[in-house]
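The values are calculated or read from the model by the stated rules, or taken from the named source; none is laboratory data. Computed from a predicted model, the values in this text were never measured in an experiment. When we count neighbours, we look across all protein chains shown, and the Cβ atoms used for this are built from the backbone with ideal geometry, even at glycine.
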Amino acid sequence: MVRNFVEKVNGFIAAPVVTFQRSRDDSFGQVFTYFIVLLLTNAILTTVIVIAGMSVSYLFWAISGLGQVYPVIFFEYFFGGGVSAVPQSVFLFLFVGGIVGVVVCSAWLHLFVWLLGGQKGYLQTLKSLMYGMTPALLLGWVPYISFIGPVWSLVLEVLGIRELQEMSVGKAVTAVLVAVVIAVVIIIVISAVLLLSLI
């Protein structure tokens, strides 16, 4: 099982088209297990990075003497309930949010796939996203280069839609880009409305 998992990860990184073609008949259980293992790994490693960052910040305050100059702030910041709960909150947000997010995003994307002629069903779109998230989940926890993962994943998702929905590359690109652009516009509008309401 571990060997198959590693081979699949390598496949989506080194030979995504062939790997997607071989994954057409994968069951939901196979896809979900693959995704959960990567998501859990990403959530754990990201949480470790957050804890390491907090530890460095703690050491800086302790060594620099700021902890003695501002003892109330120091103890409230590092030992208060809010900060001490940050790692757990980060882990839960990434893990639970990742599961909910991929289901919602795949349903949103499938709408445009369907409108452009994709007739292979929602499961194939979900598989495209779950498998396509491989680079984002592998690199998303690494400081400074984490931005590479989502861009790479976007390309894989286009390839996944093309192969699993058996669409042309033009239609696959259009479906993914339209879904992303409209979602971004909606988020910007909602954020602007909330900001204006606060002002």
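Is at least one residue of the stretch 98-112 exposed (fewer than 14 other Cβ atoms within 10 Å of the Cβ) and at positive phi?
The answer is no, given that none of the residues of the stretch 98-112 is exposed (fewer than 14 other Cβ atoms within 10 Å of the Cβ) and at positive phi.
Is it true that some residue in the stretch 126-149 is more than 21 Å from N42 (Cβ to Cβ), hydrophobic (A, V, I, L, M, F, W, C) and more than 14 Å from the chain's Cα centre (by Cα)? Write out each step before concluding.
Residues of the stretch 126-149 that are more than 21 Å from N42 (Cβ to Cβ), as a first pass: none.
The answer is no, given that none of the residues of the stretch 126-149 is more than 21 Å from N42 (Cβ to Cβ), hydrophobic (A, V, I, L, M, F, W, C) and more than 14 Å from the chain's Cα centre (by Cα).
Scan the stretch 149-199 for residues that are without any contact (Cβ under 8 Å) to a residue 24 or more places away in the chain and more than 19 Å from P16 (Cβ to Cβ) and report the count.
Here the count works out to 18.
Pairs needed: first member in the stretch 10-32, closer than 12 Å to G132 by Cα and touching a residue at least 40 places away in the same chain (Cβ under 8 Å); second member anywhere, surrounded by 12 or more Cβ atoms within 10 Å (Cβ to Cβ) and β-branched (V, I, T); C-beta distance under 6 Å; at least 6 residues apart or different chains.
F12/T19; F12/T134
Being modelled with pLDDT under 95 and hydroxyl-bearing (S, T, Y) is the filter here, so list the residues in the stretch 123-152 that pass it.
The answer is Y144, S146.
Is it the case that V181 is surrounded by 12 or more Cβ atoms within 10 Å (Cβ to Cβ) and assigned to a helix (DSSP H, G or I)? Quick ask: steps written out before the conclusion?
Working: surrounded by 12 or more Cβ atoms within 10 Å (Cβ to Cβ): no; assigned to a helix (DSSP H, G or I): yes.
When the stated conditions are applied, V181 does not pass them.
Can you tell me which residue in the stretch 142-164 is surrounded by the most Cβ atoms within 10 Å (Cβ to Cβ), limited to those that are of a type outside the set (A, V, I, L, M, F, W, C) and part of a helix (DSSP H, G or I)?
In the first step, residues of the stretch 142-164 are kept if they are of a type outside the set (A, V, I, L, M, F, W, C); the result is 143-144, 146, 149-150, 153, 157, 160, 162-163.
After this cut, where a residue has to be part of a helix (DSSP H, G or I) as well, the list is 149-150, 153, 157, 160, 162-163.
Working: G149: 20, P150: 14, S153: 23, E157: 26, G160: 29, R162: 22, E163: 23.
Among those that are of a type outside the set (A, V, I, L, M, F, W, C) and part of a helix (DSSP H, G or I), it is G160.
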